[in-house]
Amino acid sequence: MTHFLDIHTTDRAELRAILDQASAMKAARGDRPKGTPDDELPLAGRVVALIFEKPSTRTRISFDVGVRQLGGTSMVLSGADMQLGHGETIADTARVLSRYVDLIMIRTFGEDILQEMAEHATVPVINGLTDTSHPCQIMADVMTFEEHRGPIRGKRVAWMGDGNNVAQSFLHAAASFGFNFTFAGPEQLDPPDALVGAARKAGSEVRIERDPLAAVADADLVVTDTWVSMGDAESSRQRRHNLLRPYQVNERLMAAAPGDALVMHCLPAHRGEEITDAVLDGPRSVVFDEAENRLHAQKAIMRWCLGV
Ligand code: CP
Ligand code: NVA
């Protein structure tokens, strides 16, 4: 079974092949209307279940549109509306869904839930975000960087803020795609040591910085994300804001970065918190290309999972 569960559990050559296909499909579509199918329809006759146990705009719509463009059918399901949200086990849900659909994408809480789904499904499972990973996002981010700046290998990504799910997938990607990574944030919100160690072992030069200006000095890409993620306790909001305020991506910070450094944010952004309007809407920001590339990258991920 070819699941897409995480960056580090997917072979590096396969990750590269997925991105190559994503770029080729994007180019082949050109600017035809979003609702028209691709020339090739590899998902014809296939049904995809998109399960959300957390809110979503980009993941939900980009997967749904991507399935349509590839000739398939999708259904968007809220975990709360399924028996899943009322005590049915993940394992039974996986077994049942596998009798109805050809592919499952799930956005959920713990990584254990994703693993259980993958273990019991007899169709491929795609990770649409957990509390500790967001691999589809990082595939789109690498694709976006390379569209603007060429190969990411050997470049440096500076992450500002919380060592959250997106930051952790970036660390996995640093190892897989051969880029260097600077984490700048408060010690309390560092990414796990094990991930930092694994990226270093794989040859990526990982730096942990407390000084935000020093962190961006040699960055090719500056990335940030919300200060309070969907899995975080609401009660931690004030504490997180207090800890993370020095790491806001603003014009002062970007003035300390090389002139050609790009800016990314997976969105949704909290304007005026982790990033200012001036940077998000400024010339270095590629956030909307990043959002678009979710569509192209995920179409290639679905094809890879199904071998079509
Ligand atoms: N970036 C991202 O995954 O956005 P959504 O939460 O809107 O899906
Ligand atoms: N870190 C954010 C990403 C949202 C796409 C969250 O998990 O809420």
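Among the listed residues Asp218, Asp232, Asp260, identify the single one that is within 16 Å of ligand 2 (Cβ to nearest atom), at negative phi and part of a loop (DSSP other than H, G, I, E, B). Exactly one residue qualifies, and that residue is Asp232. Within the range 4-25, identify whether any single residue is closer than 30 Å to Val228 by Cβ, touching a strand residue (DSSP E or B) at 6+ places or on another chain (Cβ under 7 Å), surrounded by fewer than 21 Cβ atoms within 10 Å (Cβ to Cβ) and of a type in the set (A, V, I, L, M, F, W, C), and answer yes or no. Within the range 4-25, one or more residues are closer than 30 Å to Val228 by Cβ, touching a strand residue (DSSP E or B) at 6+ places or on another chain (Cβ under 7 Å), surrounded by fewer than 21 Cβ atoms within 10 Å (Cβ to Cβ) and of a type in the set (A, V, I, L, M, F, W, C).
Give the number of residues within the range 84-96 that are modelled with pLDDT of 95 or more and either crowded, with 19+ Cβ neighbours inside 10 Å or within 16 Å of ligand 1 (Cβ to nearest atom) (or both). Count: 3. Say we look at the range 112-128 and pick out the residues that are surrounded by 24 or more Cβ atoms within 10 Å (Cβ to Cβ) and among the β-branched types (Val, Ile, Thr); which of these is nearest to ligand 2 (Cβ to nearest atom)? So the residue we want is Ile126.
Being over 30 Å from Leu19 (Cβ atoms) and surrounded by fewer than 17 Cβ atoms within 10 Å (Cβ to Cβ) is a property that Asp260 lacks.
Of the helices (runs of 4 or more DSSP H) lying entirely inside the range 88-162, the ones with 3 or more residues being under 18 Å from His172 (Cβ atoms) and touching a residue at least 60 places away in the same chain (Cβ under 8 Å) are found at 111-120, 135-149. Is it true that Asp81 is within 16 Å of ligand 1 (Cβ to nearest atom), free of Cβ contacts under 8 Å to residues at least 24 places away in the same chain and charged (D, E, K, R)? So Asp81 fails the test. Regarding the range 244-253, can at least one residue be identified that is under 29 Å from Asp11 (Cα atoms), assigned to a helix (DSSP H, G or I) and more than 15 Å from ligand 2 (Cβ to nearest atom)? No, that holds for no residue.
Just to be sure, is Ala167 within 26 Å of Ala261 (Cβ to Cβ), surrounded by 17 or more Cβ atoms within 10 Å (Cβ to Cβ) and more than 16 Å from ligand 1 (Cβ to nearest atom)? Against the criterion (within 26 Å of Ala261 (Cβ to Cβ), surrounded by 17 or more Cβ atoms within 10 Å (Cβ to Cβ) and more than 16 Å from ligand 1 (Cβ to nearest atom)), Ala167 does not qualify.
Among the residues of the range 166-195, those identified as in contact with an Asp or Glu (Cβ under 8 Å, 6 or more places away or on another chain) and either farther than 16 Å from Phe145 by Cβ or not assigned by TED's automatic domain parsing to the domain that holds Arg240 (or both) are Phe183, Ala184, Gly185, Leu189. Looking at the range 129-141, can you tell me whether even one residue there is more than 16 Å from ligand 2 (Cβ to nearest atom) and either among the hydrophobic types (A, V, I, L, M, F, W, C) or touching a Phe, Trp or Tyr at 6+ places or on another chain (Cβ under 9 Å) (or both)? For the range 129-141, residues more than 16 Å from ligand 2 (Cβ to nearest atom) and either among the hydrophobic types (A, V, I, L, M, F, W, C) or touching a Phe, Trp or Tyr at 6+ places or on another chain (Cβ under 9 Å) (or both): absent. Selection of the range 271-305 for residues being part of a loop (DSSP other than H, G, I, E, B) and touching a Phe, Trp or Tyr at 6+ places or on another chain (Cβ under 7 Å) yields Glu273, Glu274.
If you go through the range 47-77 and keep only what is more than 20 Å from the chain's Cα centre (by Cα) and either among the hydroxyl-bearing types (Ser, Thr, Tyr) or modelled with pLDDT under 95 (or both), you end up with Thr73, Ser74. Under the condition of being within 16 Å of ligand 2 (Cβ to nearest atom) and in a helix (DSSP H, G or I), the residues counted in the range 18-75 number 6. Considering (1) in contact with a Gly (Cβ under 9 Å, 6 or more places away or on another chain); (2) modelled with pLDDT of 95 or more; (3) closer than 24 Å to His3 by Cβ; (4) not acidic (Asp, Glu), the lone condition that Phe177 does not fulfil carries the number (1). The residue that is nearest to Ser229 (Cα to Cα), counting only those in the range 97-111 that are surrounded by fewer than 20 Cβ atoms within 10 Å (Cβ to Cβ) and either under 18 Å from the mean Cα position of the chain (by Cα) or modelled with pLDDT under 95 (or both), is Phe109.
The values are calculated or read from the model by the stated rules, or taken from the named source; none is laboratory data. As the structure is a computational prediction, the values presented were derived from the model and not from experiment. As a convention, Cβ positions derive from the backbone with ideal geometry for all residues, glycine included, and neighbour counts pool all protein chains shown.
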